[in-house]
Amino acid sequence: MKALIFEKFGGPEVLQYVDIPDPSLEPGHILVRTEAIGLNFADIYRRRGNYHLAGKPPFILGYEGAGIVERVASNVDQIKVGDRIAFVDVPFANAELVAVPIDRAIPLPMDITFEHAAGILLQGMTAHYLVNDSYRVQSGDEIVVHAAAGGVGQILTQLCKSKGARVIGLTSSEAKREIALKAGADEVLRYDSDWVNGVKIWSSNHQGVDAVYDSVGSTLMDSFAAAKTKGTVIFYGMAGGDPSPIDPRMLMDTSKTLTGGDLWNHVTSLQNRIERSHELFDALRRGVIQIESLTCFPLSEGAEAHRLLESRKSTGKIILIH
């Protein structure tokens, strides 16, 4: 099979599109011929050597995708050859064939495209647990969404709006501001402005918002400043670097809450994956979530896809296709 591999850490130029042996079919697994594969910043970090990779070269990136079942293990009876399947948290996805454990195989309805499945599942399930588990968004809440033009940020904004919240987004450029507004944000401020004060002025009582979703990390103290007394900050990413340590005395004095979030602490079973996925698919059908900015590259041009994502000039999701 063809696969996108790398044998040493470095820039996009280390990626090679080559022939390698097909994956073996182990008990409890299926082989999926990929039609669409999601590209994420975690792939960049692993290619650079920032994230630990098990095993020895050649390494294959990719953790989410969608395709058609080509083979099933003899002890698998709930999935058949020809079924449409999506998956997340399955390694070695940057290849024509991926061995998927059946406890991570998500049935893909006929009316959801492979590209949409690969474009929504990882980021969509992240947004889903953030608004339903980490902080349960209620009608009338006022919410700050960091990186509101990003893949998670756009979906997070749309899910908050669907629950009746008011949303103010944060972005780094005018072009990204327009994208966040198109995703449904009521207002969008830029990071190069006095956005903390701007959030307070925008909030209904001018005292700050109910909750701040912070995926930047280095902005965490500013997020607390933008939250009202008894407000909540949800910390779930470090795109801008590690946050400063938090003084528990500040939490006590302001009655504010800090909570953290990691997707894999919330998606802990196949049933949970299917339930969350199908809620996302239904939101797509109803137009609650709209994914308009998918950027597709052939898997053979994976290095170019990495360059675009690494440039931070992309908006929305980048997909690798065959």
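The values are calculated or read from the model by the stated rules, or taken from the named source; none is laboratory data. Note that this is a predicted model, so its numbers are computed, not measured. Because the Cβ atoms are built from the backbone with ideal geometry, glycine has one as well, and the counts that use them run over all protein chains shown. Ligands, DNA and RNA are excluded from the accessible area calculation, which covers all protein heavy atoms including side chains. Shrake-Rupley method; radii C 1.70, N 1.55, O 1.52, S 1.80 Å.
Structure summary
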quantity: Matching helices (runs of 4 or more DSSP H) fully within segment 220-322 where at least 3 residues are aromatic (Phe, Trp, Tyr) and touching a helix residue (DSSP H, G or I) at 6+ places or on another chain (Cβ under 9 Å); calculated: none
quantity: Residue in segment 154-172 that is of a type outside the set (A, V, I, L, M, F, W, C), over 19 Å from the mean Cα position of the chain (by Cα) and open to solvent by 40 Å² or more (accessible area, probe 1.4 Å) present; calculated: yes
quantity: Residue check for residue 210: touching an Asp or Glu at 6+ places or on another chain (Cβ under 8 Å) and in contact (Cβ under 8 Å) with a residue 12 or more places away in the chain; calculated: yes
quantity: Tabulated pairs, segment 229-244, first farther than 11 Å from residue 214 by Cα, second hydrophobic (A, V, I, L, M, F, W, C) and open to solvent by 40 Å² or more (accessible area, probe 1.4 Å), C-beta under 9 angstrom, 6+ apart or interchain; calculated: 244/221
quantity: Pairs, first closer than 30 Å to residue 74 by Cα in segment 8-31, second open to solvent by 70 Å² or more (accessible area, probe 1.4 Å) and part of a helix (DSSP H, G or I), C-beta under 8 Å, six or more apart; calculated: 28/103
quantity: Residue 189, sole failed condition from (1) in a helix (DSSP H, G or I); (2) buried (at least 21 other Cβ atoms within 10 Å of the Cβ); (3) not polar (S, T, N, Q); calculated: (1)
quantity: Selected residue [in contact with a Leu (Cβ under 6 Å, 6 or more places away or on another chain) and not small (Gly, Ala, Ser)] from 267, 209, 233; calculated: 233
quantity: Residues within segment 260-285 that are over 19 Å from residue 116 (Cβ atoms) and open to solvent by 40 Å² or more (accessible area, probe 1.4 Å), tallied; calculated: 9
quantity: Matching residues, segment 130-173, being of a type in the set (Ser, Thr, Tyr) and touching a Gly at 6+ places or on another chain (Cβ under 7 Å); calculated: 134, 139, 157
quantity: Failed criterion for residue 19 (all others in (1) more than 27 Å from residue 277 (Cα to Cα); (2) within 25 Å of the chain's Cα centre (by Cα); (3) of a type outside the set (Val, Ile, Thr) hold); calculated: (2)
quantity: All positions within segment 288-322 that are over 18 Å from the mean Cα position of the chain (by Cα) and open to solvent by less than 30 Å² (accessible area, probe 1.4 Å); calculated: 299, 302, 303
quantity: Tally of residues being farther than 18 Å from residue 312 by Cβ, in contact with a helix residue (DSSP H, G or I) (Cβ under 9 Å, 6 or more places away or on another chain) and charged (D, E, K, R) across segment 158-191; calculated: 5
quantity: Test: residue in segment 231-239 that is within 18 Å of the chain's Cα centre (by Cα), at pLDDT 95 or above and either open to solvent by less than 30 Å² (accessible area, probe 1.4 Å) or over 21 Å from residue 119 (Cα atoms) (or both); calculated: yes
quantity: For residue 256: the one exception among (1) open to solvent by 40 Å² or more (accessible area, probe 1.4 Å); (2) out of contact with any Ser or Thr (no Cβ under 6 Å at 6 or more places or on another chain); (3) over 20 Å from residue 159 (Cβ atoms); (4) charged (D, E, K, R); calculated: (1)
quantity: Looking only at segment 214-230, and only at residues there that are among the hydroxyl-bearing types (Ser, Thr, Tyr) and either open to solvent by 40 Å² or more (accessible area, probe 1.4 Å) or more than 24 Å from the chain's Cα centre (by Cα) (or both), the one that is nearest to residue 256 (Cα to Cα); calculated: 229
